[in-house]
Structure formats: structure tokens, C-alpha cells
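Q: Provided herewith is a single structure, encoded as C-alpha cells, for subsequent inquiry.
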Amino acid sequence: MTDSNGKGRVLLALTGWEPEVWINEFGKAAPNRPVALEPEGEADPGIHYAVVWKQRPGLLSKLPNLKAIFSLGAGVDHVFADTSLPDVPIVRVVSPDLTTRMSEYVVWQVLDHHRLGPRYRAQQADRIWEEDQNQKAASDITVGIMGLGELGRDAASKLRIMGFSVSGWSRTQKQVEGVSCHAGEDGLGAFLASADIFVVLLPLTPETREILNRDLFTRMSKRGPLGAPVLINAGRGGLQNEADILAALDEGLLSAVTLDVFQQEPLDPESPFWTHPKVTITPHAAAASMPHSLIEPMARQMDAYERGEPLINLVDRKAGY
Ligand code: NDP
Ligand code: OXD
């Protein structure tokens, strides 16, 4: 069943995001494609596409003619949180705008730790004028990227431009120019021994849940120029064991962390992370999904699909990302 103009309808199912701006963007990108919100679109046989961010569990399984789910994030753990998900293709965000934003964030945070940002800000607060005479060069530092996907590979290339050595780790073996690539459990030890600053750009899956734990921190190199390693997690909060991170900072297994994501978001005002001197927090702001850059390509994909072309940027359900 389609609308009179032959186009499948869209259900926009967002939790925590205002729908108006997304609907307006659809109006601009695809004026002939009707968009519904809950509860209006619930169980509507004309709905062919669901565009979602943390959709209400059970909602999608009620749509009798759903053809595809479009995640408004690059990560799709929020989609899989619904255990009654219908068996239709899931498309995720792969967007130059999002990738560029993430690489900006990664370069910003890596440089901040490398150039002693946390230390100099603390000195400023105490009006202390004291230069570290032992500032390393970028070429002395190896950044290890966990996750060599769309985001990890772009961040790697931009860090290389800054002069850092870069190593990377992925599930399957990758070849990335100028990056020392490791894969799987077999490659994890060598990867962890290779870097001084670890940047996490992994998806949250059953395999990666709480991968950032004490065992991993003990395996990270402690011999580099920074002493203990720095951890930057811009992937998902579910990747990290938060008690282990706090303990690792206090024991010196980690020298500092930047966390953009947390197990519970927003972070509890009482969380010890807020005031920990070795912790930098950003509010899941590493790379925002911007309506103007995401909706137009999504609408084009829907048009192409209706012409019989295949969907792109599909999630591998078995792998979970
Ligand atoms: P991709 O799917 O393109 O890349 C994921 C990478 O992780 C791949 O290299 C993959 O390996 C690797 N990987 C997956 N599972 C494992 C595993 N078990 N062991 C080792 N490596 C693994 O994702 P993106 O780069 O587009 O995005 C990464 C994540 O970033 C998203 O899932 C999302 O959670 C997060 N994100 C956070 C944002 C924020 O604002 N904080 C914004 C956007 C995304 P392989 O190459 O072998 O498949
Ligand atoms: C994403 C996010 O997954 O913004 O795109 O977290």
C-alpha cells in the first residue's frame, strides 16, 4: 500500500529529540512523501519506512508493511534495544558531515591531552605559571584507534596529518595507509602495547559491551612518553565499565580520560566523574546528527529503493552494527 502519489509513508519515532526540525527537513527534501508521528502512524499500513532514534520498544513490530528502518545515528544499539524488531533492513548513518565532526572531536581531544590541556587549565585556576620543559612532539606519540570503521579511518588520517603515529584495531583485518592495523582477539595484545592515547570508536554490541575494563587497562602499554595511557571514549557508554575506569585512574593504570558517552545519559549530577581531576566530560556531543545533512540522503535512498535499487549503509544484524 502506498500513498496516492505512489510513495511509502514515513514514521518518525524519536525519543528525546524534538520532531519538528526533522519533519521540516523532510518537507524540504521530499515534499511529496508523507511523514507521520506517533500515535498517528501507529499500525498504519501505509507506513513503509521508520526513521528512528531510540524508538519505543514494540512500536515497529506493529507496522504491517514496514520495508526498512533508518537509524538517525551511526550507532544502532538504540535500534536493537527493541527486542521485537521486525525482520527488515536497517540503514545507519554514514555521512561526511558526521564523520568530519567526529574527527574534529578526536583531534581536539588527542591534542588537548598531548599538549597538556588539563594540566595547564588546572594551573591557570591556581594562577601558576609553569612550563613543562619536556613537551613531546606529536611524532613521539602513538594514538591507538579501537574501531577502524567509517569514523576510525577518517580520524586516523587526520591524526596522521598532525604528525601522530597511528595504530588501529578492528574485528576483521583492515589495511589503512600509514596505520599499523591489528584485528580480533589475536591482535589485541599487540595493539594495546602499541599506543599511548587510545581513542574508542567501536559500536556497542554483545561482543564489545564493557570491553573497556580493568583487564584491558592492565594490558595497555605503560612505557610510553605519557607514562600511563590516556583513554578517549566517543563510541558508547555501554563499552565502558565505569567503576573500573575510576579505579584505574586512581591506581595510575590510566593517566587521564575523556568521556563523551556514559552508561546512563544524562550523567547523574552525583556521579564522581564530574569532579575527578583526571576526567574530561562532554555531553554525547562528539558528532551530532544534523537534520540538514541526514534527511536529504535518506529521502533519496527511499526514492531509489522504490525504483528497485538496493539500500546502502546497511547494518549487519548478525554482527550487530
Ligand atoms: P563502523 O561500523 O563503520 O565501524 C565500526 C568499527 O568497529 C569497525 O572497524 C569494526 O570492525 C569494529 N568492531 C566492531 N566490533 C568489533 C569487535 N568485537 N572487535 C573489534 N573491532 C570491532 O562504525 P562507525 O565508525 O560509523 O561508528 C562507530 C561508532 O561510533 C558507532 O557505532 C557509534 O556507537 C559511535 N558514534 C558516536 C557518536 C558520538 O557523538 N559520540 C557519533 C557517531 C557515532 P570491522 O572493520 O572488522 O567491521
Ligand atoms: C550516533 C550518535 O550514533 O550520535 O550517530 O551517537
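Q: Which of LYS7/LYS54; LYS7/LYS158; LYS62/LYS174; LYS7/LYS174; LYS7/LYS318; LYS54/LYS222 have a Cα-Cα distance over 32 Å?
A: Violating the 32 Å Cα-Cα cut-off are LYS7/LYS158; LYS62/LYS174; LYS7/LYS174; LYS54/LYS222.
Q: Averaging sequence separations of C-alpha pairs under 8 Å and six or more residues apart, then dividing by the length of the range 96-281, give the relative contact order as a whole percent.
A: 17
Q: Hey, in the GNM for the chain with a 10 angstrom Cα cutoff, which one of GLN175, GLN124, GLN301 fluctuates hardest?
A: Evaluated over the chain, the most mobile residue of the options is GLN124.
Q: Can you tell which of GLY308, GLY189, GLY237 shows the greatest fluctuation in a Gaussian network model of the chain with Cα springs below 10 Å?
A: Judging by the Gaussian network model, the answer is GLY308.
Q: Let me spell out the model: positive unit charges on the Cβ of Lys and Arg, negative unit charges on the Cβ of Asp and Glu, origin at the Cα centre of the range 96-281. What dipole size does that give, in debye rounded to 20?
A: 460
Q: Mind jotting down the distance between the C-alpha centroids of the range 40-72 and the range 153-217, whole Å?
A: The range 153-217 and the range 40-72 have Cα centres spaced 35 Å from each other.
Q: While we're here: Please identify every one of the chymotrypsin sites (Phe, Trp or Tyr not before Pro) in the range 50-150 that sits in a loop by DSSP and has no more than 16 other beta carbons within 10 Å of its own beta carbon.
A: Hits after loop and neighbour filter: TRP129.
Q: Given axes a ≥ b ≥ c from the Cα gyration tensor, I'd like to know whether the chain is rounded (a/c under 1.5), prolate (a/b larger than b/c) or oblate.
A: Prolate shape, in that a/c is at least 1.5 and a/b is the bigger ratio.
Q: Moving to a separate point now. Roughly speaking, what is the stretch gain from ASP126 to ASP140, that is 0.36 nm per residue apart minus the C-alpha to C-alpha distance, in nm to one decimal?
A: Result: 2.1 nm gained on full extension.
Q: Give the order of ASP44, ASP126, ASP303 when sorted by the count of other beta carbons within 10 angstrom, beginning with the fewest.
A: Going from least to most buried by this count: ASP126, ASP303, ASP44.
Q: Would you mind telling me the antiparallel percentage of the DSSP bridges in the range 96-281, rounded to 5?
A: Of those bridges, close to 5 percent are antiparallel.
Q: Give me the extension gain from THR172 to THR282: residue separation times 0.36 nm, minus the current Cα-Cα distance, reported in nm with one decimal.
A: Taking THR172 through THR282 to full extension adds about 36.6 nm, to one decimal.
Q: Under 10 Å, Cα contacts only: if you run a Gaussian network model on the chain, which one of GLY27, GLY16, GLY73 comes out with the highest mean-square fluctuation?
A: GLY16
Q: Tell me the relative contact order for the chain as a rounded percent, counting alpha carbon contacts under 8 Å between residues six or more apart.
A: Here the relative contact order equals 16 percent.
Q: Something else about it: Give me the number: length gained by fully extending ASP215 to GLU265, i.e. 0.36 nm times residue separation minus the C-alpha to C-alpha distance, one decimal in nm.
A: 15.5 nm
Q: Here's something else I'd like to know. What percent antiparallel are the DSSP beta bridges of the chain, to the nearest 5?
A: Counting only bridges with both partners in the chain, antiparallel ones make up about 5 percent.
The numbers here are math on the coordinates, done by the rules we state, and not lab data. These numbers come from a predicted model, not from an experiment. Positions of Cβ are generated from backbone atoms using ideal geometry, with glycine treated the same way; all protein chains shown enter the neighbour counts.
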